[in-house]
Structure formats: C-alpha cells, structure tokens
Amino acid sequence: MIQREDLLAMRNADKFDTYGSTRFPTLFEKAVRQGLTPADSITSEGITCYARTALSPTYVGHETFLRCPFCEDVHDVSDYDVAVLGIPYDSGTSNRSGTRLGPAGIRHASSQISPFNPDYGVDLYEKIKLCDVGDIYTLPANSEKTFDQITKGVGFVFSQGVTPIILGGDHSTSFPSLRGIAPFIDGNIGVIHIDRHSDCDAIQMDEKMHGTEWYHSTRLPNLSAKNLVQIGIGGNCCKSWSKFVRDSGLTAISMEDIDTYGIDKIAETALEIAWKGCKAVYISLDIDVLEAAFCPGTGTPDFGGMLPRELLRLLRLVTAPGICGMDVVEVSPPFDVSEITSLAASRCIINVLCNLALNDSLYRH
C-alpha cells in the first residue's frame with residue numbers, strides 16, 4: 001500500500017503554508033482597496049463588490065468601453081461625469097444564456113467606433129469625462145447576493161454624482177440597478193423601457209428572472225408603475241404581463257402603435273408620462289427590441305421589432321432632457337454574427353452620451 005505521506009499531492013499540500021499563503025492576502029487587500037468590500041450578504045473570502053486583480057472570475061472582461069480610461073480604484077470615480085460598468089450575469093435567463101459575456105462583447109465592439117460622432121457634431125471625449133469602472137463581481141448561482149452586489153456597486157457610483165451606464169447581463173439586473181439609484185433621488189423616478197417584452201411577472205420560474213424586473217422595480221418606494229412606459233411591446237408575450245399592464249397603471253406601446261403614430265409622437269408621449277411628477281428618468285434598453293435580423297446575439301430574439309434607425313431616433317428624442325442612468329441588456333455574444341448585436345448596443349450607448357453632451361443634460365445631483 002502506498003503511504004499517504006509519499007503521495008506527491010500530499011507532499012505539495014504540506015507546502016501550502018510556505019508557498020501558498022502570501023500571494024492571496026496581498027491580492028485580496030488590493031482588490032478590496034480598489035473595488036470596495038462586497039455587499040453585506042456576502043461572506044465568502046476573496047469576493048469584492050467590483051471585480052479586481054487576478055482574483056476576478058474568468059468571465060470578467062478587461063477591455064474598456066470606447067477605450068476610455070479604466071478607473072481601477074472605484075473611489076476615484078467622482079473625478080468623472082459618466083461611468084460605464086458591466087454586470088456579467090445571466091442566471092436570470094429563461095431561454096438562451098450567454099449574456100454574462102455581454103459586457104465584454106459590447107466593450108470589444110465599441111473599440112471599433114470613434115468618439116467623434118458626425119450625427120451629433122460631438123467629440124465625446126471633449127464634452128464628457130468618461131471612465132470604465134469594470135465589472136460587478138457577480139455570483140452565478142445566487143441571485144440574491146448578486147443583486148445585493150449590483151445594488152451596492154451601482155449605488156456607489158451614483159452616490160458620487162456620476163451617471164452610470166450599465167452593460168448587461170440579462171434584464172433581471174435592471175431591478176437591483178434601480179434599487180441602487182433610487183435612495184439617492186429626492187423624489188420619484190420615471191422609467192422608459194424599450195423592449196419587445198413587458199417583463200412584469202411576479203414569478204417566472206423564480207422571482208429574480210429576466211421576466212420579473214418591472215414587477216419588483218415598481219415596488220420601490222419612489223418608482224410608480226404610472227411613470228413606467230414600455231415601447232416596442234409585442235411578439236412573444238405572456239398573458240400575465242397584459243394583466244399587470246392593465247392593473248398597475250403602466251403604459252405599454254406596441255410596434256403597431258409606433259407604425260400608427262410614428263416615433264416622434266411616441267417619444268413625446270413617453271416623456272410626458274415618465275417625467276410626470278418625477279425628478280429623474282432612467283432608460284432601460286433590451287437589445288431584442290430590434291428586428292431579429294439586426295440582433296441575432298440575444299437570448300429571446302423576436303420578429304417584427306424596430307429598425308435600427310427607428311431605435312436611434314427614439315433614443316435621441318427620449319434622452320435629450322437627461323437621464324439618471326441607463327442599462328443596455330440581453331446582448332449574448334455566443335449567438336451573435338459578426339458582432340452586429342454588440343455593435344448595435346455600443347452605437348446606442350455612444351449616441352445617447354453624445355446626445356447628453358449636445359444638450360448639456362447630464363444628470364446633476
């Protein structure tokens with residue numbers, strides 16, 4: 001019989017105290033210093049709020065959006081006007097996963113785009129101090145703790161007077177993102193939700209899914225369903241969503257409505273509803289609102305959605321008065337073709353930022 005102490009694995013294990021106990025504490029100390037302590041619900045050793053150092057999960061990206069500066073120490077984020085952050089999480093998907101790779105895909109696609117935008121006559125870097133703070137440290141198997149991380153991470157950025165631009169991730173992450181922003185707004189928040197799907201079930205397999213975010217968001221103290229506008233709804237929808245739309249007071253606008261009234265009139269209506277009695281408006285863009293031919297890289301593609309120019313026109317109109325934050329979700333690079341979905345998401349974000357610069361309407365708080 002082989003003696004236990006003669007096994008190589010056991011001999012190497014005995015060396016742990018000599019060789020294995022120095023690097024981890026040093027990395028972890030740096031990660032906490034630069035990326036914040038984790039949410040209170042997190043007790044696992046080695047986890048921070050923003051992923052930092054080599055202790056980060058393998059699905060965390062390292063490129064920055066539009067090749068902007070990386071704000072490695074998140075405590076320095078107040079030096080900027082706008083911070084891009086990623087939420088690599090897709091445990092809320094009910095269909096095709098892969099959106100945990102969305103932030104990395106969007107960042108990579110954005111590197112092909114110039115910060116000078118001829119449609120707006122704006123060089124983004126001359127008008128806005130933009131940084132990328134990296135990704136929230138998410139826990140794929142635990143939605144509650146991941147949501148706590150998102151709430152703390154987004155809330156910290158917003159509390160520093162910085163507008164968060166959030167790269168998803170599946171759409172369930174909109175709820176904890178809004179939960180992070182809401183306490184720092186002295187008044188009500190309106191939401192303009194652009195999507196093919198209403199996503200307002202109380203439970204869809206589970207409570208924290210990408211079909212439940214608006215049910216939970218409209219239970220925040222200062223976010224009423226009456227200030228929630230959904231644009232592009234149709235296609236593959238659940239009966240329960242229609243019931244919530246009818247009973248809650250939110251306003252749903254279909255693609256048929258867009259065809260009937262036109263983008264300009266729809267945008268005017270959306271702004272009137274979202275801003276009524278509110279101090280700020282948040283934009284949530286699910287990339288699957290686009291006609292499926294233009295966004296193959298998403299979890300729930302649907303035919304009959306918006307054309308790219310319609311979406312860009314809508315975003316130009318509804319973001320002109322300013323926003324307190326924005327998320328772009330449901331980009332799934334494993335299903336993409338030639339990066340066209342990631343490029344669409346990047347273009348939407350860049351155009352919105354240029355619009356805020358052009359109108360001098362960055363949120364101030």
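The values are calculated or read from the model by the stated rules, or taken from the named source; none is laboratory data. Since this is a predicted model, take the numbers as computed values, not measurements. For neighbour counting, all protein chains shown are included, and Cβ atoms are generated from backbone atoms with ideal geometry for every residue, glycine included. Ligands, DNA and RNA are excluded from the accessible area calculation, which covers all protein heavy atoms including side chains. Shrake-Rupley method; radii C 1.70, N 1.55, O 1.52, S 1.80 Å.
Taken over segment 248-303, residues that are assigned to a loop (DSSP other than H, G, I, E, B) and either open to solvent by less than 20 Å² (accessible area, probe 1.4 Å) or more than 24 Å from Thr93 (Cα to Cα) (or both) amount to 8.
Let's see how each residue does on (1) on the phi < 0 side of the Ramachandran plot; (2) touching an Asp or Glu at 6+ places or on another chain (Cβ under 8 Å); (3) open to solvent by less than 10 Å² (accessible area, probe 1.4 Å); (4) among the small types (Gly, Ala, Ser):
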residue: Asp40; (1), (2), (3), (4): yes, yes, no, no
residue: Thr43; (1), (2), (3), (4): yes, no, no, no
residue: Gly86; (1), (2), (3), (4): yes, yes, yes, yes
residue: Tyr89; (1), (2), (3), (4): yes, yes, yes, no
residue: Ala104; (1), (2), (3), (4): yes, yes, no, yes
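Restricting attention to segment 324-364 and to residues that are out of contact with any helix residue (DSSP H, G or I) (no Cβ under 7 Å at 6 or more places or on another chain) and part of a loop (DSSP other than H, G, I, E, B), the residue that is least open to solvent (accessible area, probe 1.4 Å) turns out to be Ser361.
Scanning segment 134-161 for residues that are in a loop (DSSP other than H, G, I, E, B), touching a helix residue (DSSP H, G or I) at 6+ places or on another chain (Cβ under 6 Å) and open to solvent by 40 Å² or more (accessible area, probe 1.4 Å) returns a single hit, Gln160. Collect the residues in segment 107-133 that are among the charged types (D, E, K, R), assigned to a strand (DSSP E or B) and either open to solvent by less than 10 Å² (accessible area, probe 1.4 Å) or in contact with a helix residue (DSSP H, G or I) (Cβ under 8 Å, 6 or more places away or on another chain) (or both), keeping them in residue-number order. Scanning segment 107-133 gives a single hit, Asp132. Condition (residue is of a type in the set (D, E, K, R) and either on the phi > 0 side of the Ramachandran plot or at pLDDT below 95 (or both)) applied to segment 269-288: is it met by at least one residue? Checking segment 269-288: at least one residue is of a type in the set (D, E, K, R) and either on the phi > 0 side of the Ramachandran plot or at pLDDT below 95 (or both).
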